[in-house]
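Undergrad: I have a structure I would like to understand better, so I am pasting it below and will then ask my questions one at a time.
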Amino acid sequence: MPVARISTFARTDQPVAPSGVKPAPDCTLVIFGAHGDLTKRLLIPALYDLKVSGLLPDRFRIIGVDRAEDTTEGWLAGLTAMMEKFTQDPTAEFYTPKIDETVWSWLSARLSYARIDFTDAAALKEFGGAIDGNVVFYLAVPARFFSPAVEALGRAGLTEEKNGAFRRVVIEKPFGTDLQSARELNSRILAVLKEEQIFRVDHFLGKETVQNILAMRFGNVIFEPIWHRDYIDNIQITAAETVTVESRAAFYEATGALRDMVPNHLFQLLAMVAMEPPASFAPEKVRTAKQTLFESIVPVRPEDVVRGQYAAGTVRGRPVAAYRDSPGVAADSDTETYVAMKLEVRNWRWAGVPFYLRTGKAMSNRIAEIVIEFRLPPLTLFPSADHAHAPPPNRVILNVQPVQGVTICFGAKKPGPEMRLVDVQSRFRYPDFFVREPNVGYETLLYDCLCGDATLFQRADNIETAWAAVEPVLENWQAERTAPELYDAGSAGPRGADELLARDGRKWHPIDGEI
Ligand code: BG6
């Protein structure tokens, strides 16, 4: 992660790298899963953006590998059509009103397709004859192929780093489905690759607002002194989604909200907000600071977890069928589409400060945020304006998405003869300071792995320790087979989640309120 980052929001007309940021080294990017959704929707647009930013080297090749019959021309035609389609849809993850012809032809000239079974070592060996030097293999394939593909690459001799050239493998989520499977996967890929050759992606770390948490905490002096149990009452981490299971039943039925979101995305948010300052911004220092935090998480108690599943309802005016009535979902499915939990981080900074995490599908609003709720002043000198309640506590809200920024809520005197407080907000919003440019959130991740910067990637121990923290819950669910609590699609989640906080005399920050 270079100090001068690729700016998501400011860009010149020329493909010139932001000052201080060099183009990635010469290399070949081999994408396994060339026909997959991730490649089309995110990787190719991210490469386009990197080229626009001047961050790709001239000697760069992209080879799409998949099992389906196709040709370079056919693959390219599909990608070109898809890029064009993005220009028609301002709501698309990647939207640009116009594809820059020069940039696209530069990329097109470097794209090729190879039809190969990427678990077949002999086929890969033959393919390997056509590539040399630095290579990044990107496994944009379903998880069951991760270790077979790495093992085949190893047997084909393609992971060997010779003559100073690097060989790296990027692995997408889900990395295991519990502690044991994550350990097995790590041990199988580590039998082929060195840790520094492996780049385990958690795409939440590609989000500017997530990276900004470290900038905020460790690049300023006003936040960190109060980032502490002496001042903070509780921290709430929310990733609420309006999307339903959509067409992902095969994956989601076996996964559920906890495995899909908690030990990975929500724990990344937790790490950013709770880790100690690293000794430096070097990748290993950051990953070690994160690891220390993960090791301080007390394994979650099943009684501190609420699981929910959406029933029929209306999400933003759209009728939504119950999860159990969705195509591909078992009529008696007990897969959770929502999970809320209380976590304890046992260290000097956080002892006694509860972390409440929640995530769910088919909820009333799409919002990812971290709310840091501070303690009340030691004495209430001023009543609130409505007379009825004590003034609310100060809050710092890290707005991850769709609103991007930071909101600080504090009390101010309501104008008038009386000394009464109202809750007011000071807001930093990205568009007020930066020019918005297309960004799918994979630009930094791709650039960093081409450059060999692992700061934003998971180390083996990070992944295993995160799974270990939720393991008691997975085991308990497996043993007890309790049914999830139903919540209406389009609501803020099951009642049990409110009770989880009410038990501690607290409330969730509303997901529908104005931010
Ligand atoms: C993915 C999960 O990893 O993250 C999805 O599998 C989820 O279920 C998605 O919807 C959320 O990511 P984002 O970036 O859209 O908030």
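Undergrad: Which value in nm describes the separation of the simple spin-label points at Asp37 and Ala351, placed 7 Å from the Cα toward the beta carbon?
TA: 4.6 nm
Undergrad: Rg and Dmax of segment 274-399, Cα atoms, in Å?
TA: Cα only, segment 274-399: 20.1, 58 Å (Rg, Dmax).
Undergrad: Within the set of other residues whose C-beta is less than 13 Å from the C-beta of Val353, count the net charge using Lys and Arg as +1 and Asp and Glu as -1.
TA: Values: positive: Arg229, Lys342, Arg346, Arg349, Arg375, Arg506; negative: Asp230, Asp233, Glu344, Glu373, Asp504.
Surrounding charge for Val353 is +1.
Undergrad: Something else now. Ranked highest first by average number of other Cβ atoms within 10 Å, how do 320-327, 79-86, 265-272, 372-379 line up?
TA: 265-272, 320-327, 79-86, 372-379
Undergrad: Follow-up. If you take the Cα Rg of segment 27-172 and divide it by 2.2 N^0.38 Å, with N the number of residues, what do you get?
TA: 1.05
Undergrad: Find how much the distance from Ala68 to Lys98 grows on full extension, using 0.36 nm per residue of separation minus their present alpha carbon separation; answer in nm with one decimal.
TA: 7.8 nm
Undergrad: Compute the Kirkwood hydrodynamic radius of segment 322-384, taking the inverse of the mean of 1/r over all pairs of distinct Cα atoms, and give it in Å to one decimal.
TA: The Cα-based Kirkwood calculation yields 15.9 Å.
Undergrad: Please list the equivalent ellipsoid semi-axes of segment 167-237, computed as the square roots of five times the alpha-carbon gyration tensor eigenvalues, in descending order and whole angstrom.
TA: The three semi-axes for segment 167-237 are 34, 16, 11 Å.
Undergrad: Give me the mean projected area, in nm² to one decimal, of the convex hull enclosing the Cα positions of segment 368-515.
TA: 14.7 nm²
Undergrad: Can you tell me the mean projection area, over all orientations, of the convex hull of segment 205-502's alpha carbons? Units nm², please.
TA: With the hull built on Cα positions only, its mean projection is 18.1 nm².
Undergrad: While we're looking at this one, here's another question. Kindly rank 501-508, 173-180, 241-248, 356-363 from highest to lowest mean number of other beta carbons found within 10 Å of each residue.
TA: Numbers: 501-508: 13.2, 173-180: 18.2, 241-248: 16.0, 356-363: 27.1.
Per-residue Cβ counts within 10 Å, averaged per peptide and sorted highest first, yield 356-363, 173-180, 241-248, 501-508.
Undergrad: Here is a further query. Convex hull over the alpha-carbon atoms of segment 263-319: what's its volume per residue in Å³?
TA: So the per-residue hull volume is 130 Å³.
Undergrad: Cross-link list Lys51/Lys285; Lys290/Lys342; Lys40/Lys342; Lys51/Lys85; Lys98/Lys361; Lys194/Lys285: which exceed 26 angstrom alpha carbon to alpha carbon?
TA: Over 26 Å apart, Cα to Cα: Lys51/Lys285; Lys40/Lys342; Lys98/Lys361.
Undergrad: Next up: Could I have the simple spin-label model distance between Asp117 and Thr91, label points 7 Å from Cα toward Cβ, reported in nm to one decimal?
TA: With each label placed 7 Å out from Cα toward Cβ, I get 4.2 nm.
Undergrad: Another question, then. Provide the convex hull volume over Cα atoms per residue for segment 421-508, in Å³.
TA: Working: hull volume 22.9 nm³, N = 88.
Hull volume over Cα atoms, normalised by residue count, gives 260 Å³.
Undergrad: Add -39500 (n - 2.57) for each DSSP H run of 4 or more in the chain, then divide by its residues: what number comes out at 222 nm, to the nearest 500 deg cm²/dmol?
TA: Details: 14 runs with 150 residues, N = 515.
After summing the helix terms and dividing by residue count, I get -8500 deg cm²/dmol.
Undergrad: Identify the residues of segment 418-447 with backbone N under 20 Å of a label point that sits 7 angstrom from the Cα of Met82 along the Cα-to-Cβ direction, or state none.
TA: 438-447
Undergrad: Can you give the Rg to Rh ratio for the chain, taking only C-alpha atoms and Rh from Kirkwood?
TA: Working: Rg = 23.8 Å, Rh = 24.5 Å.
Computed over Cα atoms, the ratio is 0.97.
Undergrad: Right, here's the next one. Apply the Karplus parameterisation 6.51 cos²θ - 1.76 cosθ + 1.60, with θ equal to phi minus 60°, to every residue of segment 33-43 and state each ³J(HN,Hα) to the nearest whole Hz, in sequence, with x for glycine and proline.
TA: x, 4, 8, x, 4, 4, 4, 6, 7, 10, 5
Undergrad: Right, something else. Could you state the number of Å between the C-alpha centres of segment 94-173 and segment 198-276?
TA: Using only Cα atoms to place each centre, the spacing works out to 29 Å.
Undergrad: How high is the FRET efficiency from Arg481 to Glu196, r the C-beta distance, R0 56 Å, rounded to 0.05?
TA: Numbers: r = 42 Å, r/R0 = 0.75.
Once rounded, the FRET efficiency stands at 0.85.
Undergrad: If you fit an axis through the alpha-carbon atoms of helix 179-190 and take the longest principal axis of the Cα set of the chain, what angle between them do you get, 0 to 90°, nearest 10?
TA: Rounded to the nearest ten degrees, it is 30.
Undergrad: While we're looking at this one, here's another question. Using +1 at the C-beta of Lys and Arg and -1 at the C-beta of Asp and Glu, which of Ala250, Ser426, Val300 has the Cα lying farthest in the positive direction of the dipole of the chain?
TA: Ser426
Undergrad: Can I ask one more? Under a crude label model (7 Å from the Cα following the beta-carbon direction), how far is Phe218 from Gln425 in nanometres?
TA: Each label point lies 7 Å from its Cα, and together they span 2.9 nm.
Undergrad: If you don't mind, there's one more thing I want to ask. At a threshold of 8 angstrom on Cα-Cα distance, excluding pairs fewer than six apart, so keeping six or more, what relative contact order does the chain reach in percent?
TA: 18 percent
Undergrad: Considering only DSSP beta bridges whose two residues both sit in the chain, what percent are antiparallel, to the nearest 5? Please list the in-between numbers first.
TA: Details: 43 of 79 bridges.
Beta bridges within the chain, antiparallel portion: roughly 55 percent.
Undergrad: Taking segment 126-205, which trypsin sites (Lys or Arg not before Pro) meet the DSSP loop condition and have no more than 14 other C-beta atoms within 10 Å?
TA: Lys162, Lys194
Undergrad: What are the GluC sites (Glu not before Pro) within segment 409-483 that DSSP puts in a loop, where the Cβ has at most 12 other Cβ atoms within 10 Å?
TA: Glu418
Values quoted throughout were computed directly from the atomic coordinates according to the rules given, and no laboratory measurement underlies them. These numbers were taken from a predicted model, which means no experiment stands behind them. Please note: Cβ atoms are built from the backbone with ideal geometry, for glycine as well, and neighbour counts cover all protein chains shown.
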